Amino acid sequence: MNKIIKYVLHDIFRNRILLAYVVLLSLSSFGLFMMNEDVSKGLSSLLTVLLIVVPLVSILFTTIYFFNSYEFIELLVAQPLKRSNILLGVYAGVGLSLLTAFWIGIGLPVIIFDGTATGWYFILSGSLLTMVFVSLAFLASVITRDKTRGIGIAMMLWFYFTLIFDGILLMVMFAFSDYPLEKLTIFLSCLNPVDLARIMVLLKMDISALMGYTGAVFNQFFGSSLGIVLSMTVMLIWIILPISIALRIFKRKNL
Amino acid sequence: MIELEGLQKHYGKIQALRGISLNFDPEQVVALVGPNASGKTTLIKCLLGMVIPDGGRILFDKNDIAGDVNYKRRIGYMPQIGRYPDNMRMGYLFGMMKDLGKNRITEHFDEELLATFNLEEMFAKPMRALSGGTRQKVSAALAFMFNPDVIILDEPTAGLDPLASEILKQKIQKERKAGKLILITSHIMSEVEEIADSIAYIVEGEAKFFKRIQDIKSETGEERLGKALFHLLSK
């Protein structure tokens with residue numbers, strides 16, 4: 001498996017799209033930090049980039065990369081290598097590359113401008129978010145053979161988690177505003193890793209104005225530290241679950 | 001050496017294999033022959049574990065291959081269309097395959113085809129820049145690389161130039177004499193006649209017959225294999 005990771009890394013690090021991703025992230029981080037006098041304002045602006053751009057690039061890049069490496073995967077399956085090692089090798093390779101890009105593009109500037117615990121939580125939350133969407137991309141890639149359909153599914157997932165889900169949440173709250181909704185809200189938030197990433201950072205930053213309803217409920221219910229631990233745990237489940245399902249499907253897939 | 005027992009596979013509603021049973025022994029060249037879409041490639045992919053059969057089983061040296069990967073150490077495979085990572089240079093590809101297959105060989109890599117096809121000259125080229133024929137040469141060189149006991153070649157000479165296909169045929173004969181089992185698929189009857197010992201004829205996912213070429217000829221009284229097969233099938 002280590003060898004597969006090595007060859008995937010060798011392949012991806014020469015990829016121009018990944019380089020463009022690093023440049024885009026660095027430009028937005030440095031730009032936002034320099035424009036805002038206040039570091040925490042810069043960080044909260046950067047949070048928007050984190051919640052929209054990072055999931056989008058992670059899921060799209062991974063799906064496209066998977067389909068472009070289909071030949072490579074086929075070649076490996078004909079060799080005496082376990083299918084689980086092949087898929088997890090490619091997964092680890094893609095995940096490591098996107099994480100590295102994120103660490104250079106956003107992690108480094110955040111540490112330079114805000115070396116506090118908040119900055120580190122910001123990076124942790126972005127790293128988890130990256131891996132969640134890499135996992136989801138693998139799931140989208142193995143359930144179909146067709147590249148266009150795979151990318152379509154990946155886009156739909158992104159749309160769902162970044163836009164549609166919030167709409168549904170709002171509708172639920174509006175419709176049932178007469179009832180106590182705290183527990184339901186916590187449950188619904190757990191269904192959206194993007195929201196969890198946001199809550200995780202905002203709980204640490206302690207900006208109640210930006211927390212939104214779900215963040216406020218988390219804060220009220222768990223307090224900031226337990227809330228962070230909980231959202232982190234649920235995000236880990238969001239990483240493990242899709243890739244496990246993808247692995248099960250891939251083991252029986254006809255290539 | 002390889003036993004197929006009632007192998008079945010369907011893709012959706014299409015039944016690709018309908019219970020094929022065949023036995024392949026070492027030191028021979030077996031040609032899988034049959035119309036397009038008769039299930040030859042599916043059969044090969046089942047052997048390689050790339051497609052998982054719905055029913056029946058495959059024994060490799062008496063061991064069921066389901067869930068196993070180690071038996072693949074002893075198989076070399078040349079696909080019908082060799083597809084490789086676009087950006088990878090040819091030299092790097094060979095290096096990688098050797099690295100991944102280090103535990104597959106006891107002595108040294110078989111690089112004979114690499115030399116006779118003059119592939120080393122093109123080691124700096126990325127795989128996407130290669131012609132179809134050159135990719136076929138790469139596939140062939142990789143199939144023999146690990147000195148495997150079983151060599152599976154899916155339409156090996158399609159797309160190869162005359163010289164290269166002659167080199168490949170000679171290599172096949174050489175390995176056969178060394179005691180290997182070689183499975184090929186081909187639509188070119190003159191070629192099958194030249195290199196194969198027996199024919200497994202597959203139609204619509206079933207093995208119609210599995211005979212020695214000599215027997216087919218003497219049975220039908222025809223000199224040419226193509227004609228003999230035509231006789232046998234139109235009966």
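The values are calculated or read from the model by the stated rules, or taken from the named source; none is laboratory data. Computed from a prediction, not measured in an experiment: that's the story for all the values here. Here the Cβ positions follow ideal geometry from the backbone for every residue, glycine too, while neighbour counts run over all protein chains shown.
If the condition is being closer than 22 Å to residue B:229 by Cβ and either in contact with a Leu (Cβ under 6 Å, 6 or more places away or on another chain) or within 14 Å of chain A (Cβ to nearest Cβ) (or both), then region B:17-33 contributes B:17, B:20, B:21, B:22, B:24, B:30.
Of the residues making up region B:103-125, those that are of a type in the set (D, E, K, R), outside any helix (DSSP H, G or I) and either free of Cβ contacts under 8 Å to residues at least 12 places away in the same chain or surrounded by 15 or more Cβ atoms within 10 Å (Cβ to Cβ) (or both) are B:110, B:111.
Number of residues in region B:75-101 that are among the hydrophobic types (A, V, I, L, M, F, W, C), assigned to a helix (DSSP H, G or I) and touching a residue at least 24 places away in the same chain (Cβ under 8 Å): the value is 4. For region B:174-187, a residue qualifies if it is aliphatic (A, V, I, L, M) and either surrounded by 19 or more Cβ atoms within 10 Å (Cβ to Cβ) or in contact with a helix residue (DSSP H, G or I) (Cβ under 9 Å, 6 or more places away or on another chain) (or both), and the qualifying residues are B:181, B:182, B:183, B:184.
Table: residues versus (1) modelled with pLDDT of 95 or more; (2) in a helix (DSSP H, G or I); (3) surrounded by fewer than 22 Cβ atoms within 10 Å (Cβ to Cβ).
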site: A:43; (1), (2), (3): no, yes, no
site: A:59; (1), (2), (3): yes, yes, no
site: A:67; (1), (2), (3): no, yes, yes
site: A:75; (1), (2), (3): no, yes, no
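Within region B:35-50, can one find any residue that is in a strand (DSSP E or B) and in contact with a helix residue (DSSP H, G or I) (Cβ under 7 Å, 6 or more places away or on another chain)? No, there is no match, as no residue in region B:35-50 is in a strand (DSSP E or B) and in contact with a helix residue (DSSP H, G or I) (Cβ under 7 Å, 6 or more places away or on another chain). For residue A:122, indicate whether it is touching a helix residue (DSSP H, G or I) at 6+ places or on another chain (Cβ under 8 Å) and at pLDDT below 95. So residue A:122 passes the test. If only residues of region B:23-34 that are part of a strand (DSSP E or B) and out of contact with any helix residue (DSSP H, G or I) (no Cβ under 8 Å at 6 or more places or on another chain) are counted, the one that is farthest from residue B:190 (Cα to Cα) is B:23. Screening A:156, A:171 for residues that are more than 28 Å from residue A:92 (Cα to Cα), surrounded by fewer than 20 Cβ atoms within 10 Å (Cβ to Cβ) and more than 14 Å from chain B (Cβ to nearest Cβ) leaves exactly one candidate, A:171.
Hey, among A:184, A:188, which residue is at pLDDT 85 or above and surrounded by fewer than 22 Cβ atoms within 10 Å (Cβ to Cβ)?
Numbers: A:184 fails: at pLDDT 85 or above.
Residue meeting the stated conditions: A:188.
Looking only at residues that are exposed (fewer than 14 other Cβ atoms within 10 Å of the Cβ) and not acidic (Asp, Glu) in region A:18-39, which one is farthest from residue A:97 (Cα to Cα)? Selected residue: A:35.
Give the residue, chosen from B:81, B:58, B:105, that is within 10 Å of another protein chain (Cβ to nearest Cβ) and among the hydrophobic types (A, V, I, L, M, F, W, C).
Values: B:58 fails: within 10 Å of another protein chain (Cβ to nearest Cβ); B:105 fails: within 10 Å of another protein chain (Cβ to nearest Cβ).
Selected residue: B:81, the only one of B:81, B:58, B:105 that is within 10 Å of another protein chain (Cβ to nearest Cβ) and among the hydrophobic types (A, V, I, L, M, F, W, C).
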